[in-house]
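The values are calculated or read from the model by the stated rules, or taken from the named source; none is laboratory data. The shown structure was predicted, so the numbers you read here are calculated from the model rather than taken from an experiment. Glycine gets a Cβ as well: all are built from the backbone with ideal geometry, and neighbour counts include every protein chain shown. Each accessible area value is taken on the protein alone, full model and side chains, heavy atoms only, with ligands, DNA and RNA left out. Shrake-Rupley method; radii C 1.70, N 1.55, O 1.52, S 1.80 Å.
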Amino acid sequence: MTATPGASPTILLVGHGMVGQRFLEAIARRGLTATHRVVVLCEEPRPAYDRVQLTSYFSGRTPEELSLTDREFLDTHGIELYLGDPAEAVDREARTVTARSGRVFGYDVLVLATGSYPFVPPVPNKDATGCFVYRTIEDLLAIEEYARSTATTGAVVGGGLLGLEAAGALKGLGLDAHIVEFAPRLMPVQVDEGGGAALLRTIEDMGLSVHTGVGTQEIVVGEDGAVTGMKLSDGSELATDMVVFSAGVRPRDQLARDCGLAVGERGGITVDERCRTVTDPHVFAIGECALAADGRVYGLVAPGYEQAETAAAAIAADGTDEMTFTGADLSTKLKLLGVDVASFGDAHGAGGDCLNVVYSDSRAGLYKKLVVGRDGTLLGGILVGDAEAYGTLKAFTGSVPPVPPESLVLPAGAGAPAQLGPAALPDDAIICSCNNVTKGTIRGAVTEHRCTTVPEVKKCTKAGTTCGSCVKVLGQLVTAELEASGVEVDKGLCGCFAQTREELYEIVHALRITSYRDLLDRYGRETARGGDGCEVCKPAVGSIIASLAPAIGASTYVLDDEQAALQDTNDHFLANLQKNGSYSVVPRIPGGEIAPEKLIVIGEIARDFGLYTKITGGQRIDMFGARVEQLPLIWTRLVDAGFESGHAYGKSLRTVKSCVGQTWCRYGVQDSVRMAIDLELRYRGLRSPHKLKSAVSGCQRECAEARSKDFGVIATASGWNLYVGGNGGATPRHADLLAQDLSDAELVRLIDRFLMFYIRTADRLERTSAWLERIPGGLDHVRDVVVHDSLGICDELEELMAAHVSHYRDEWAETVNDPEKLARFVSFVNAPDTPDPVVAFVPERDQIKPDLPLLTIGLRPADDALEGSATR
Amino acid sequence: MTLALETTDLKVRLRLAEDWFTVCDLSTLIPGRGVAALLPDGRQAAVFADRTGRLYAIDNRDPFTGAAVLSRGLTGTHQGRPFVASPLLKQRFDLESGRCLDDETVRVTAYEVKAA
C-alpha cells in the first residue's frame, strides 16, 4: 500500500512532541504548509502535549489541558497527522518512510524529531511487573493505576529533575517514596554539593527517603513475578512494590541508524549548524534526538525550539535569514516538590579563573551561588530554595551587574540587598529563554502593540507561555513600561474610590468603619466625597461590611439601616430579579439532601402561587415568577416548614453539591453528604467578592464535579483532598489541589483560612479562579499563606470565620418577623395591594413563562418625554 | 408652633399636569433607595431621595427591558449629577432629566417632585 504523494513536495515529520509541534508552527508561519504537503507520524496515541509540565497531571491537569495543539491548527494548515502510527523504516534512496500501519509516504524533506527514550540500567528483572518509566502521559496513567491498585511503597531510580518529580508524584499517590541516586547528591547535573545539601534537607523534610551514592544492582521479584524490592550497591536491600526508572534519557536514533545516517559515539543524529544531517541533505534532525553542531545533545525544550526554528528556516531557504544553531543556554528554573531550583550560565565555574559568591542557610534550605569572573562579569549561578532573582540574574549573565554580586544573593533584611529590578536590564537581555524573547520585544509589545496586561503581552510575544518561570519578571516589565510611557494605571475600584477592593477591606477592617457614607467622605476621591457614590462601590462596600460585620461591630443583617441602601436589588429583596421584574426563590437544601415532606412543601407553595419550578445545577429547586409582594407570603410558609434562605441572590456561598458517597455508593470512601451539609451550614450567608460554589465527592470518581468549584473536596481513603479555584461557566478552570489527605478538622480549618484570605484580597466580582491567576505567586503563594501561615495571619483568618459562623442568622426568618422591613415588599408604595401589571405570564409546557412587554426603544417620538412634567 | 408636626407629616408629591399627586410619607423613603408609585393613568413612577434629602422621580419602566424596575436600582452621583442604574442591565439614567447616560438616544420621563 502506497499513499500517493500529490503534486506538491512533501515535508514528512517523524515525531509529534513539543519540538515537532514547534516545527509545524514554524513552517506554517513561513508559509511552507501552503506550498507543501505536510505529513506527521506520531507514535503516541495523542498529539503533542506539554511534557515539561507532565507531572502537573498528578495535581489535576488533564491530558487535554496539557495539549499543545488542536484540530483547528492542523486543519487550517492542512497537516496530516497520523496518531499511534510511528515510522518504522526509512528508504533514503527511494525517499520513502514506512509506518507501522504499513502506509508508505514519499518525502522531499524528512525531519526527524523522535525525541529520546528513558534510560533503564541493565539490571536483572528491570522489565518485571511493577517497573515503570516516566516519560509519557501513558506512563503516568500506568503508574497511577498500579500505585492505586497494588503498591504502598515506591522507589525512583534517579535523583535528577524527573526523578524528583516522579518521587513527588508517588508520594502524592499515597506511597512511601524513595529516591535512589548513584551520584553523591541530588540533581547532580544542575547543582553542586552545597546546593545538593540544601535540596536534600528540604526533600527529606517532605517525607521522602533519599539514598545517594548507591546504585541499583538488581530488581527483586516475588513468586508472581512482581517487584518486591531492589538490591543496592552497598549491599542493602530496599523493600518496594514498584520501581520507576528515571535515570536519564538517550537520543532516539535507531531509525536513523537503520537507514545509515551518521550518529554520535554516545548517540544522537549528527547534524550541522542548520540542523541538516551531515549524511543526507534531504534529512533534518531536531530536538533530543539530534547531536548538534557543537557536539552536544540538548535535553531541554528551549534549545529544541531553537532547532525547530532553524530547520524551518533552512527548509524555507527563502534567504530572509540564515538561522544557525551552534549551542544553547542550559539555564533552568524549576519548582520541584515546591522547592525552587535554578541554575544558569556556567553554574559550575567550568570556564576556570572565576570566583564563587555563596550564601548558604541549610536550616532554611537556602543555597545561592554566583560564579563571577575576575573582572566582575556574572558567569552563572545556582539557586536552591529561593529562585526569586533568577530572571534578573540570568539576564545579567555575561555582563557586569550594576551592583556587587553578593548583594544579589543575600536574603531580604540581611544587610541592604540591592533592589535590582528588571528595569536595569539591557534591551537585548533574554527574558523568556524558552521562546527566545528579549526585553526589547516585551517593551515593544507595550509601546507599539498597546498591550497593557501580562496576558496580552504573553499572547503577543509568546513570552512566558512555555515554562512560565519568567512571568513574574514579565509583570514587572509591563508595569514599568506602562508607567514609563505615561499610562496611568488607575487601580481604583470606581470613580468614587481610588483604592482597590483589597485596600478598602483593610481600611474598613482596621478602622472599624460600618458606614458607607463615612468611608466615602473620609477615603473617597475628592470629587466623590459628599455624593451618593455609585452602583459599583455601594454593593462592594456593602459586601465588605457584611463579611466583616461581627469583627467591626456592624449589623449582620444586610437590610439594617444604611446597609439596606447599598444592596443590589437581589440582596435588597432577598430574591433573584428576573427579566420581567418578577423574582425567583431558592430555599437552602444543604448538600442537596431533602426529605420528602419538605419536597412536598416546596411543591405545594409553587402550586399555590403558580410558580415555575426548575431543578438547579446546585442540587436545589428554583421557583420563578414571584411578584415582590408575594415574597413574604412565600417565605412565611417556607420558614414555617424549616427552610432558610439559600442566598441564591447574594455574592455569597451558594451551594455545596454532593454525591451520595459511602453511605449508598459501592465506590464511596467517605461520607460526602454529611461533609457537604456541614460545609454548607458553616459558610451559609458568608458575603464575599463574588459568589462561591462548592461540592464534595465521596471518591475519586468525582461525581459531584468538585473540581469545577471555588472550593471542592474529594474523598480519599485516608481523608479529604481540597481543591481550590475551579470554575465552570464561560471560562472553565479545573480547581488546583491545595492540600491532601486532610482530616475533617484540618479540612474545615483550611477552607476557613482560604475563604477569608480570598475575601480579604480579591477584587470586586473576581471569582477564586481569576483571583488565583492574578495574585502574585498564584497557588503557591496562597498555599504558603493558608497552609504554612507565611504571613502569620491564619489565626486572624480563623477568628474572622469563627465570628461569621457564630453570628449567622437566617435573613428571611429575620425579615418575615420584622413588619417595617416587610412593608418594603410591595409593588407600589401608594397601592400596597395592587400587583405590578407589567408582570404577566403565559403558559408553556404545563407551567408559566414571562409574557414579555413589547419594547419601544427607537420607536418612541423624541418629544414624548418632556422634562419635569407628565402631560398625559 | 406646628413645625415639628409638619415635618413628620410631610408627603412626597408628584406633579401630574396641574395637580400634585401624593405618593407616600416622606419618612418612607430610604436615602439611596427608590419606591414605585402607581399613577392614576396606570403609568408608574420611580421616586428616590438622595442622602441630602433631595427628591427625584422618573418613569419606573426600564426602556431596555420593558420591566417596571427602575425604582429598584442603585443610585449614585456621576459628575455631580444624580443617577439610578437599572437593576437589570445596569444602564444609568439621570434622575433630573431622565436621560440615559449610556445611550443618548434613550430617555425616560422625569417628574417634578416635592415634599409638602
- Query: Per residue of B:82-89, what is the mean number of Cβ atoms on other protein chains within 10 angstrom of that residue's Cβ?
  - Reply: 4
- What translational D, rounded to a whole number of µm²/s, comes out for the protein assembly as shown from Stokes-Einstein when the hydrodynamic radius is the Kirkwood one over Cα pairs, at 20 °C and 1.002 mPa s? 66 µm²/s
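May I ask what percent, to the nearest 5, of DSSP beta bridges between residues of the protein assembly as shown are antiparallel?
Working: 105 of 148 bridges.
In the protein assembly as shown, DSSP labels about 70 percent of beta bridges as antiparallel.
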- Across B:50-57, the residue-averaged tally of Cβ atoms belonging to other chains within 10 Å stands at 2
- Query: Among A:42-55, A:65-78, A:11-24, A:430-443, how do they line up from the highest to the lowest mean number of other beta-carbon atoms within 10 Å?
  - Reply: A:11-24, A:430-443, A:42-55, A:65-78
- Return the long-range amide H neighbours of A:Asp532 (sequence gap of 5 or more, or a different chain), with a cut-off of under 5 Å between placed amide H atoms. B:Thr77
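Given a 1.4 angstrom probe, I'd like the percentage of the accessible area of chain B that is carbon and sulfur, rounded to a whole number.
Working: 2560 of 5000 Å².
After summing per-atom areas, the C and S share lands at 51 percent.
Given the C-alpha atoms of the stretch A:653-809, compute the convex hull and give its volume per residue in Å³.
On the way: hull volume 15.7 nm³, N = 157.
Given the Cα convex hull of the stretch A:653-809, per-residue volume reads 100 Å³.
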- Cβ crowding within 10 Å averaged over residues, with A:349-355, A:745-751 ranked highest first: A:745-751, A:349-355
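With a 1.4 Å probe and all protein chains left in place, how much accessible area per residue does the protein assembly as shown have, in Å²?
Details: 41850 Å² over 988 residues.
Here the per-residue accessible area is 42 Å².
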- Query: Along the stretch A:344-358, what does the Karplus equation 6.51 cos²θ - 1.76 cosθ + 1.60 (θ = phi - 60°) give for ³J(HN,Hα), rounded to whole Hz, x for Gly and Pro?
  - Reply: 8, x, 8, 5, 9, x, 5, x, x, 6, 9, 10, 9, 10, 10
- With a 10 Å radius around each residue's Cβ, average the other Cβ atoms per peptide and rank B:84-96, A:221-233, highest first. B:84-96, A:221-233
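Determine the share of chain A's accessible area contributed by carbon and sulfur atoms, expressed in whole percent, with a 1.4 angstrom probe. Walk me through the numbers on the way to the answer.
Numbers: 18490 of 36840 Å².
Looking at chain A in its full context, I get 50 percent from C and S.
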- Query: Angle, helix A:631-640 long axis vs. longest principal axis of chain A, Cα atoms, 0 to 90°, nearest 10?
  - Reply: 80 degrees
- Query: For the stretch A:819-834 and the stretch A:33-64, what is the separation of their C-alpha centers, rounded to whole Å?
  - Reply: 63 Å
- Note on the structure: Expected vector for the stretch B:96-108, Karplus 3J(HN,Hα) from phi with 6.51, -1.76, 1.60 and θ = phi - 60°, integer Hz, x for Gly and Pro, equals 8, 9, x, 5, 7, 6, 9, 7, 5, 7, 10, 8, 10
- Task: Compute the long axis of helix A:137-149 from its Cα atoms, compare it with the longest principal axis of the Cα atoms of chain A, and write down the angle in degrees, 0 to 90, nearest 10.
- Result: 70 degrees
- What one gets for the stretch A:262-417 as the Kirkwood radius, inverse of mean 1/r over different Cα pairs in Å, is 17.5 Å
- Task: For chain A, find the longest principal axis of its Cα atoms and tell me its angle to the long axis of helix A:596-609, 0 to 90°, nearest 10.
- Result: 60 degrees
- Query: Across peptide B:23-29, what mean number of C-beta atoms from other chains lies inside 10 Å of a residue's C-beta?
  - Reply: 2
- Task: Show the residues, 5+ positions off or on another chain, whose built amide H is closer than 5 Å to the amide H of A:Thr10.
- Result: A:Arg37, A:Asp108, A:Val109
- When the helix-only estimate is applied to chain A (DSSP H runs of n ≥ 4, each -39,500 (n - 2.57), divided by the residue count), what is the mean residue ellipticity at 222 nm, nearest 500 deg cm²/dmol? -8500 deg cm²/dmol
- Query: Can you list residues whose amide H is under 5 Å from A:Arg296's amide H, if they're 5+ apart or on another chain and H is modeled 1.01 Å from N?
  - Reply: none
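Note down the relative contact order for chain A as a percent, whole number, built from C-alpha pairs under 8 angstrom at least six residues apart. The partial results should precede the final answer.
On the way: 1756 pairs, mean separation 58.1, N = 872.
Taking the mean separation of contacting Cα pairs over the length of chain A, I get 7 percent.
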- Query: Got a sec to turn the phi values of the stretch B:79-84 into Karplus ³J(HN,Hα) couplings, 6.51 cos²θ - 1.76 cosθ + 1.60 with θ = phi - 60°, whole Hz, x for Gly and Pro?
  - Reply: 6, x, 10, x, 9, 10
- Message: As I understand it, the dipole of chain A uses +1 on the Cβ of Lys and Arg and -1 on the Cβ of Asp and Glu, about the Cα centre. Which of A:Gln53, A:Met623, A:Ser806 lies farthest toward its positive end?
- Response: A:Met623
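Per the helix-only calculation at 222 nm, which mean residue ellipticity applies to chain B, given -39500 (n - 2.57) for every DSSP H run of n ≥ 4 and division by its residues, nearest 500 deg cm²/dmol?
Values: 1 runs with 7 residues, N = 116.
Helices in chain B give a 222 nm mean residue ellipticity of -1500 deg cm²/dmol.
Leaving out ligands, DNA and RNA, calculate the buried accessible area for the pair A and B with a 1.4 Å probe, summed over both sides, in Å² to the nearest 100. Could the numbers behind the result be given before it?
Values: alone 38770 and 6920 Å², together 41850 Å².
Buried surface at the A/B interface: approximately 3800 Å².
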